[in-house]
Amino acid sequence: MRHRRGLPYLVLTSITAVAMLALAIHLDLPGRVSYAVEKGRLQADLDHLQSIDLKELAPLEQVSHAFSVIAEAVKPSVVYVEAISENTAVNKQLQELFGRRNFQPEPSTGTGSGVIVDEDGYIVTNNHVVADADAVRVMLSDGRRYRAEIVGKDPKTDIAVLKIHADRVHPARFGDSSALRVGNIVLAIGSPFRLGHSVSHGIVSAIGRSNVAVDIDYQNWIQTDAPINPGNSGGPLINARGEVIGINTAIATESGGNQGVAFAIPSKVVQTIAAKLKTGQKIVRGYLGVGIKSVDPQVASAYGLDESHGVLVEQIGSGSPAAASGMKPEDIILSINGTDVMNTDELQHFIATSEPNQSVDMIIWRKGERRSLKVKIGAQPEGFSTTGALRDLLKPESEPKSGDKNRPESNRNESRRRGPRNEPISSDGSEPTAESGVKFDLIGMEAATMSPALAERYKLDEDMLTGAVVTYVDPTSEAFAAGIRAGHTITQANDRRIDNVRQLEQELSPDAIAKGVRLRVKWRTAEFTAIIQVK
């Protein structure tokens, strides 16, 4: 017969258990046990690392040692750059507020990095680092400071050359940026957040990167995930041999700091531009005078091309070298001097680096066949910018009315274009008038025959009295994706002239849209080709 324990015993047991639990919590026994287990695991890992055969660690140690050697070798060639501005406008306001005797003007100081390129004390950096500077100071890796002279600047590639009068300087060795491959290991040295000669590393994540949203005309950059921050600008991107293969120039960021996407100017471009700036030469670039866009599979199909490469000419400037050669809108440039032209970046680079008055042989695609065309390259006019407004650079014969401030823009001269804000108007599908239009539901837009009322509404040229004016575009539609906006005028569909919206309706049948329709679109003085295709 088992002994029966009474209630006092159970109460005592419960109290003891609660007390022990409270003590455990007070002494953090679970945490202590967990810590002991974790410590034992870490110690075991360390003991394991100590027991590993050195041969197994050799590759890792070699990489670590190589990084150190590269950093030490290149560090003396990298400089810290201070760009000092008088901040005239702000100081003048403060002087007026406090009085000249009671106010000491304060300059503003921007910082960046630079690379010594030869023993004469020439330094390459970014133009944007020193563009607005009234004075520039440079500090070497050994702490010596010098006042620097700005020898030359090229905003279109964001390159500037400085000079200091110093002895015992250590020029960097430049490598071949064209030999880079995606995945190559790279190091960056610079002065992020004024922290001089900081080193970071990563890989090349892309090459030939363009269309980055910064105001620099010629990009074609190296993209890297090496951590680069404000202050790294002008510093070197270095390959595994300790050679400079790029100059860090921009970051893609929403926070202002590193987010894993940075860009560097290829060393091949840096060396070419810097060599001219050092000698005081003005950078003169070639000029064609066209508005262009790359040929993608849709464009190639619309023009009957078997391969999707080349550059579509959308607009030709009056009096431009392209016009003088006989080039026409909708020509597709396939090759220059026997070398295929793959996209707009390649064409822009070739033209920009060509000597003015040089003649080149082009193969173009026009109306379904290849043709030869000899073109004499011109010189870029003053104020030219590949990111500027097309009307300012190409000087078309028909200009907007004086006082018209709402003019078209192109986001890339000799590349692509941007239209006006979409302005929908109501339409009930009735017979088209100046205030209503035909609905093209398949591509998501409405259009009406040109009229004085529509010309006034969209501030169009008074002498342009034919065509189909777009009155509404669905922002999610194929028409919108093709670049068409309200206020644009469609003047041609494939090779047929469009005088009214009924003609456009005939050309935009479902069967035609399935095959692809080329629309010539005009917006004030700019023109472009929109490819519409819905299968």
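What FRET efficiency comes out for S85 versus A58 if R0 is 51 angstrom and r is the Cβ-Cβ distance? Round to the nearest 0.05. Numbers along the way, then the final one.
Numbers: r = 52 Å, r/R0 = 1.01.
Working from the Cβ atoms, E equals 0.50.
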| Between the stretch 109-150 and the stretch 158-232, what is the C-alpha centre distance in whole Å? | 15
| query | When the chain is fully extended, how far beyond the present Cα-Cα distance does R41 get from D441, taking 0.36 nm per residue of separation? | reply | 137.3 nm
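In what sequence, highest mean first, do 280-292, 367-379, 493-505 appear when ranked by Cβ atoms within 10 angstrom? Spell out each step's value before the answer.
Working: 280-292: 19.5, 367-379: 13.8, 493-505: 16.8.
Result, highest mean Cβ count within 10 Å first: 280-292, 493-505, 367-379.
Which order do the peptides 191-197, 526-532, 352-358 come out in when sorted by mean C-beta neighbours inside 10 angstrom, highest first? Spell out each step's value before the answer.
On the way: 191-197: 17.3, 526-532: 22.4, 352-358: 14.4.
In descending order of packing, they fall as 526-532, 191-197, 352-358.
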| note | Here FRET efficiency (C-beta to C-beta, V534 to K376, R₀ 60 Å, nearest 0.05) is 0.90
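State which entries of K156/K268; K293/K439; K367/K522; K439/K459 exceed 26 angstrom in Cα-Cα distance in the structure shown.
Long pairs (Cα-Cα over 26 Å): K293/K439.
Just to confirm a number: summing +1 for Lys and Arg and -1 for Asp and Glu over residues other than V138 whose beta-carbon lies under 13 angstrom from that of V138, what do you get?
Numbers: positive: R137, R144, R145, R147, K163; negative: E82, D142, E149.
Taking every other residue near V138 into account, the sum is +2.
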| All other residues with a Cβ under 11 Å from the Cβ of T339 taken together, and with Lys, Arg as +1 and Asp, Glu as -1, what is their net charge? | -3
| field | Approximate spin-label separation V214-R366, in nm, with each point projected 7 Å along Cα-to-Cβ | value | 4.0
| field | Full-stretch length increase - T272, N494 - with 0.36 nm per residue and alpha-carbon distance subtracted | value | 75.6 nm
| said: Between M464 and N184, what is the label-point separation in nm under the 7 Å Cα-to-beta-carbon projection? | reply: 4.7
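Order 125-133, 145-153, 268-276, 229-237 from most to least packed using the mean count of other Cβ atoms within 10 Å. Don't skip to the end; give the middle numbers.
Working: 125-133: 22.2, 145-153: 17.7, 268-276: 19.4, 229-237: 27.7.
The most tightly packed comes first, giving 229-237, 125-133, 268-276, 145-153.
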| message | Using 0.36 nm times the number of residues separating E307 and A131, minus their current alpha carbon distance, what extension gain do you get? | response | 59.1 nm
| remark: Around L442 (Cβ within 14 Å, Cβ-to-Cβ, excluding L442; K/R +1, D/E -1) the net charge comes to -4
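Specify whether the C-alpha gyration tensor of the stretch 147-262 places it in the rounded, prolate or oblate class, a ≥ b ≥ c being the square roots of the eigenvalues: rounded for a/c under 1.5, otherwise prolate if a/b is larger than b/c and oblate if not. Could the numbers behind the result be given before it?
Details: a/c = 1.39, a/b = 1.26, b/c = 1.11.
Note, shape of the stretch 147-262 comes out rounded.
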| query | What is the spin-label model distance, in nm, from S509 to S68 if the labels are put 7 Å beyond Cα along the C-beta direction? | reply | 7.7
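We did not get these values from a lab; they are worked out from the coordinates using the rules stated. The structure presented is a predicted model; accordingly, all values stated were derived computationally and were not measured. As a convention, Cβ positions derive from the backbone with ideal geometry for all residues, glycine included, and neighbour counts pool all protein chains shown.
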